[in-house]
There are 4 protein chains.
Amino acid sequence: GLSTPPGPRPALDLAGIFPPLATPFSPAGEVDYARLEGNLRRYASLPFRGFVVQGSSGEYPYLAPRERLEVVSRVRRALPGDRLLLAGSGCESTRATIEMTVSMAQAGADAALVVTPCYYRGAMSGTALERHYAEVAEASPIPVVLYSVPANTGLELPLEAVLALAQHPNVAGIKDSGGDITRLGLIVHKTRREGFQVLAGSAGFLLASYAVGAVGGVCALANVLGAPLCQLERLCREGRWQEARDLQLRLLEPNAAVTRRFGIPGLKKAMEWFGYYGGPCRAPLAPLSPAQEEELRETFSANGWL
Amino acid sequence: GLSTPPGPRPALDLAGIFPPLATPFSPAGEVDYARLEGNLRRYASLPFRGFVVQGSSGEYPYLAPRERLEVVSRVRRALPGDRLLLAGSGCESTRATIEMTVSMAQAGADAALVVTPCYYRGAMSGTALERHYAEVAEASPIPVVLYSVPANTGLELPLEAVLALAQHPNVAGIKDSGGDITRLGLIVHKTRREGFQVLAGSAGFLLASYAVGAVGGVCALANVLGAPLCQLERLCREGRWQEARDLQLRLLEPNAAVTRRFGIPGLKKAMEWFGYYGGPCRAPLAPLSPAQEEELRETFSANGWL
Amino acid sequence: GLSTPPGPRPALDLAGIFPPLATPFSPAGEVDYARLEGNLRRYASLPFRGFVVQGSSGEYPYLAPRERLEVVSRVRRALPGDRLLLAGSGCESTRATIEMTVSMAQAGADAALVVTPCYYRGAMSGTALERHYAEVAEASPIPVVLYSVPANTGLELPLEAVLALAQHPNVAGIKDSGGDITRLGLIVHKTRREGFQVLAGSAGFLLASYAVGAVGGVCALANVLGAPLCQLERLCREGRWQEARDLQLRLLEPNAAVTRRFGIPGLKKAMEWFGYYGGPCRAPLAPLSPAQEEELRETFSANGWL
Amino acid sequence: GLSTPPGPRPALDLAGIFPPLATPFSPAGEVDYARLEGNLRRYASLPFRGFVVQGSSGEYPYLAPRERLEVVSRVRRALPGDRLLLAGSGCESTRATIEMTVSMAQAGADAALVVTPCYYRGAMSGTALERHYAEVAEASPIPVVLYSVPANTGLELPLEAVLALAQHPNVAGIKDSGGDITRLGLIVHKTRREGFQVLAGSAGFLLASYAVGAVGGVCALANVLGAPLCQLERLCREGRWQEARDLQLRLLEPNAAVTRRFGIPGLKKAMEWFGYYGGPCRAPLAPLSPAQEEELRETFSANGWL
């Protein structure tokens, strides 16, 4: 257990939809800040709760530290004050994570999204991860959101560690991308007293997550289909489950296509069809082949989105 | 794809809750049919849609073929005619599965629950599994329900195979115990025209499964907490999601305890606390230690069930 | 630990090569005992230490209990007395495994090869497996050989359980098909005093296994290339490592082709090219496509075997 | 396939033992270059082929880029000219990997050890990885050594990619830490014409790797037991297999203890017992508990090393 004294939960309301912004690159592979701002202008009309930068969809492992911070600054300046900015600040070491978290707070982030360190996964016990997050939360000037994404890290933040960290006053919630809905329900159930907030990490299980008590979602697909995702969120909040189900089911295949199936290259390609700048990924992420692009397009059209 | 001509869906309505019955053994390890019938009498007052025998909770891999059939016969005779009897008839080879399926139909089963063969998992491609199930469905006098349970078999029936098999007129649905709610939604979404029925394979994701369109559940926990699970089903059917959520969350820990955490020995122990006969498991399943039993009990009491 | 009193190791010398016999089926899918005996006659000239029946290559999960026993009887009668007969007697329950082991001893098996039960893998802790094997070893009239084959069972017999069981006087050794050469070395190292015998479970790591102290191998490839495998064994025994390496390397691709890559259908097809009866597998194992057959053949010819 | 024209293999002979140097930190967590040089002075008397810096044992994911380069410079200056310096230069993106590789060459590295990028593992197909390495090899002024370490990265560089890259004139070999001895043999077998060099990535399978044709090893344990590992290497080279086996077996448990079991904290603790500076790890790697330290010590003493 953590020895931190309980305190009032920071008044950070995470309820709603957050796109984890894709990072636009120029054909030469440089971060294209103008394109980023252009996308943000287009997103401005949608009722997003806020934006995540440097999530997995942002190719953050491919960005230099100064690029990571510059993206945060630019997005902060481009956003209205009522939109939250969550910045992914996770690094492998505790010290680097703290340093990055502090820098991102200075650059304007409202909260830090901290992915589990994973390289020495054999040593990343629940205890080690709990200590890591507690130290980051202690040092962070902004609330911390835990981030568990087994498809990328190969490990899941253990439930026991989540429950212990939920008691820390500077830990606001979790983005859980694992898709284990039983686990999400358990997190909700066991942290009710703490007001810990659960965000679904993918549009694939957004309705199911609301059904068990999640408050929102950080969904790659929101880069593409932001309006329907905000609509799904409203239907869930209003208890209109039959309509919510119909909408959720139509989003499943496009979501799978821009995540598991074709990854960020697929996400960026689809963004272009919906009026956003997508552009290339940094290598070793490879562009889609024409056949893959066709399959991606078919996924959107078969579900009535194109 | 399958070459079977489309036909009218068999009129087998799977909507509702099914306990996968535990198999009572005497202290000497023999099947105790009297205890089985005693449990069924106690279950008679609950609004279950029916019962599964020889599911994973029934220790079917530990039963001889004649025991498997005798259990089916006994349960059939003990059940009112309006309760469905689903019998697990899966074996490793196609020929043995067909033989067992036919025998179970003769013994009174209404439908056959057919687990994926798994020993040669490296060779169990979607194509091989699709062919297996198609041959079984062709030969079976009763409708077939697919059964995917990766925690036990180490493989998942691939989505593509499920979708192809959903078109077969003698395949009624699937019991999916994997807990991947995105996949469950995809199955519902892609088989709507066929009237294919999806059953959640665990109480851990029952509400979430209803939320995406499942029609029922085969839940080990129903051996213990049948009434609350039938209540949860009614709340879902009636669209009372807030109440459903509260109930679902209270069931998560007991469900985990009698499945993942303590397995069938835990399930049987908990049955005893609720007035059913539990008794021993066959080896190598081992009885709970006193400490485990205490932890199991705490799980039920902390959630208000004891 | 086990309470069995230490005693003299049974005088069962497992040193050498054992083919895990493929089970011949007629085109109609019946066990073809005449073909089985024909293959044995062809194998008679090779210096095998003995034969395994009902190993994974024997499609044992697809055989009825009476077929399993009849195969043992037939092979026993066909073998010269100086060749060992190891019979796979593992079932899911302890009681069925004991019953099958006793029956196989009566049918003429010299030792029982007992695969880890695996369906309830979440409950198959080292302790549970240790107790299972100890009970089987106690009840068995013939020595027991442990059998760990994670590619099929999805679990590995834990090292600690192996070391504990190595002290049992009726446990003669282990067939380890996992291919973790560090683990094999550890088993050799930690059981030296007990005279526990380690058999490599595949030709892919036969030389490496000898290098760390194994005494032999049970190799599917021996159904096809028995002579070179016996030659490899002799080179290893005589310390002619450079020649052994050259031979081992030429066997790697054919071995992978008849195991991981194309499984038993590949094994049986290759047997036919070398003068043995292969024939069909039971479903759901599917025959090779012409393209797969071509690839299989190329694997043998490119390494100078065809 | 790669379009690079074949050329003469660079004259970089990797045959022998390389310790992947642990990175000493002061109690405050700063890189302690004096301690690093002290350890190198102690290693000078051992017949190592060279040293690896920024391998997994070097906590490279916890070092800032400038620290990574400074370590390379310091080690280069401290080494006699006949000892090779391999520097781990892998980053997630191709562009960062190239930049780091070039910088490390400038800092004095003889070759670059390039770990597989892994965060987007779902997208890291053989094709994507092949392209990544080919671009790095093209741009690198020094030979590239592939580095596959599934225990940390959660992915294995596919065999087909290894074989294709083996044809590139600036790819000298592979450090394979996966321990799949069949795969190592296949790599040796299929790259014989190219003179591609295979290094075992752990002392646990060093003898077995030599047996199938590896030329050396990069072994964490060499930080602690360098002399016996060099002795094992000599015995293998001279074909004294029986002695080699005896030595290999005594190294298995200490090796497992400083890798899988206790990781780098265990490695550094053991270094202290043998006269080297170990010191703390950076968080989130945690120091051993007294009980763990005792178990570690027992592992060394039971095998005659303490």
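The values are calculated or read from the model by the stated rules, or taken from the named source; none is laboratory data. Given the structure is predicted, the values throughout are model-derived calculations rather than measurements. Heads up, the Cβs are rebuilt from the backbone with ideal geometry, glycines too, and the neighbour counts pull from every protein chain shown.
Some points to look at:
- For A:V136, the criteria (1) within 12 Å of chain D (Cβ to nearest Cβ); (2) β-branched (V, I, T); (3) without any contact (Cβ under 8 Å) to a residue 40 or more places away in the chain hold in every case but one, which is (3).
- Checking the stretch D:295-302 against the condition returns no match, with no residue being outside any helix (DSSP H, G or I) and surrounded by fewer than 22 Cβ atoms within 10 Å (Cβ to Cβ).
- D:Y276 meets each of the listed conditions (1) within 14 Å of chain A (Cβ to nearest Cβ); (2) in a loop (DSSP other than H, G, I, E, B); (3) in contact with a helix residue (DSSP H, G or I) (Cβ under 6 Å, 6 or more places away or on another chain) apart from (1).
- Annotation: B:G81 fulfils all but one of (1) within 14 Å of chain C (Cβ to nearest Cβ); (2) over 19 Å from the mean Cα position of the chain (by Cα); the unmet one is (1).
The rows are residues; the columns are (1) among the charged types (D, E, K, R); (2) outside any strand (DSSP E or B); (3) more than 17 Å from C:D82 (Cα to Cα); (4) free of Cβ contacts under 8 Å to residues at least 40 places away in the same chain.
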position: C:I17; (1), (2), (3), (4): no, no, no, no
position: C:A22; (1), (2), (3), (4): no, yes, yes, no
position: C:P27; (1), (2), (3), (4): no, yes, yes, no
position: C:A34; (1), (2), (3), (4): no, yes, yes, yes
position: C:G38; (1), (2), (3), (4): no, yes, yes, no
position: C:R41; (1), (2), (3), (4): yes, yes, no, yes
position: C:S45; (1), (2), (3), (4): no, yes, no, yes
position: C:F48; (1), (2), (3), (4): no, yes, no, no
position: C:V52; (1), (2), (3), (4): no, no, no, no
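- Subset of the stretch D:71-100 [of a type in the set (D, E) and out of contact with any helix residue (DSSP H, G or I) (no Cβ under 7 Å at 6 or more places or on another chain)]: D:D82, D:E99
- Residues located in the stretch A:166-180, provided they are surrounded by fewer than 24 Cβ atoms within 10 Å (Cβ to Cβ) and either at the interface with chain B (Cβ under 8 Å from one of its Cβ atoms) or among the basic types (K, R) (or both): A:G179, A:D180
- Look at (1) exposed (fewer than 15 other Cβ atoms within 10 Å of the Cβ); (2) more than 14 Å from chain C (Cβ to nearest Cβ) and you find that B:S289 fails only one, number (2).
Results for (1) outside any helix (DSSP H, G or I); (2) modelled with pLDDT under 95; (3) within 11 Å of another protein chain (Cβ to nearest Cβ), shown as yes or no for each residue.
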residue	(1), (2), (3)
C:R76	no, no, no
C:C91	yes, no, yes
C:R95	no, no, yes
C:V102	no, no, no
C:G108	yes, no, no
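- Taking the stretch A:216-244 as the range and being in contact (Cβ under 8 Å) with a residue 12 or more places away in the chain and of a type in the set (G, A, S) as the test, the residues that pass are A:G216, A:G217, A:A220, A:A222, A:G226, A:A227, A:A244.
- Annotation: D:E59 fulfils all but one of (1) at negative phi; (2) within 12 Å of chain A (Cβ to nearest Cβ); the unmet one is (1).
- Matching residues in the stretch B:151-201 - criterion: being closer than 18 Å to B:L14 by Cβ and of a type in the set (S, T, N, Q): B:Q167, B:N170, B:S177, B:T191, B:Q197
- Helices (runs of 4 or more DSSP H) fully within the stretch C:181-247 counting 3 or more residues that are farther than 23 Å from C:V115 by Cβ and more than 9 Å from chain D (Cβ to nearest Cβ): C:226-237
- Unique match (being free of Cβ contacts under 8 Å to residues at least 12 places away in the same chain and either of a type in the set (K, R) or buried (at least 20 other Cβ atoms within 10 Å of the Cβ) (or both)) among B:R193, B:R183: B:R193
- For the stretch D:248-273, taking the residues that are among the basic types (K, R) and within 14 Å of chain C (Cβ to nearest Cβ), the one that is surrounded by the most Cβ atoms within 10 Å (Cβ to Cβ) is identified as D:R250.
- Test for D:L155: is it surrounded by fewer than 20 Cβ atoms within 10 Å (Cβ to Cβ) and touching a strand residue (DSSP E or B) at 6+ places or on another chain (Cβ under 9 Å): yes
- Matching entry among B:P47, B:P80, B:P20, B:P6 (being modelled with pLDDT under 95 and under 24 Å from B:G213 (Cα atoms)): B:P6
- In the stretch A:158-165 there is at least one residue that is surrounded by 23 or more Cβ atoms within 10 Å (Cβ to Cβ) and either under 17 Å from the mean Cα position of the chain (by Cα) or not small (G, A, S) (or both).
- Selection of first residues in the stretch D:245-258 that are touching a residue at least 12 places away in the same chain (Cβ under 8 Å) and of second residues that are of a type in the set (F, W, Y), restricted to Cβ pairs under 7 Å at least 6 apart or on distinct chains, gives the following pairs, ordered by first then second residue: D:P254/D:F300; D:P254/D:W305.
- Which listed residue is crowded, with 24+ Cβ neighbours inside 10 Å, touching a Leu at 6+ places or on another chain (Cβ under 6 Å) and part of a helix (DSSP H, G or I), from D:Y133, D:Y147: D:Y133
- Here C:G213 meets each of (1) closer than 18 Å to C:L306 by Cβ; (2) touching a Gly at 6+ places or on another chain (Cβ under 9 Å); (3) among the small types (G, A, S) with one exception, condition (1).
- Sole residue being surrounded by fewer than 23 Cβ atoms within 10 Å (Cβ to Cβ) and small (G, A, S), chosen from D:S89, D:S103, D:S57: D:S103
- Taking the conditions (1) more than 30 Å from A:A64 (Cα to Cα); (2) surrounded by fewer than 18 Cβ atoms within 10 Å (Cβ to Cβ); (3) within 13 Å of another protein chain (Cβ to nearest Cβ); (4) of a type outside the set (V, I, T) in turn, D:R121 satisfies each one other than (1).
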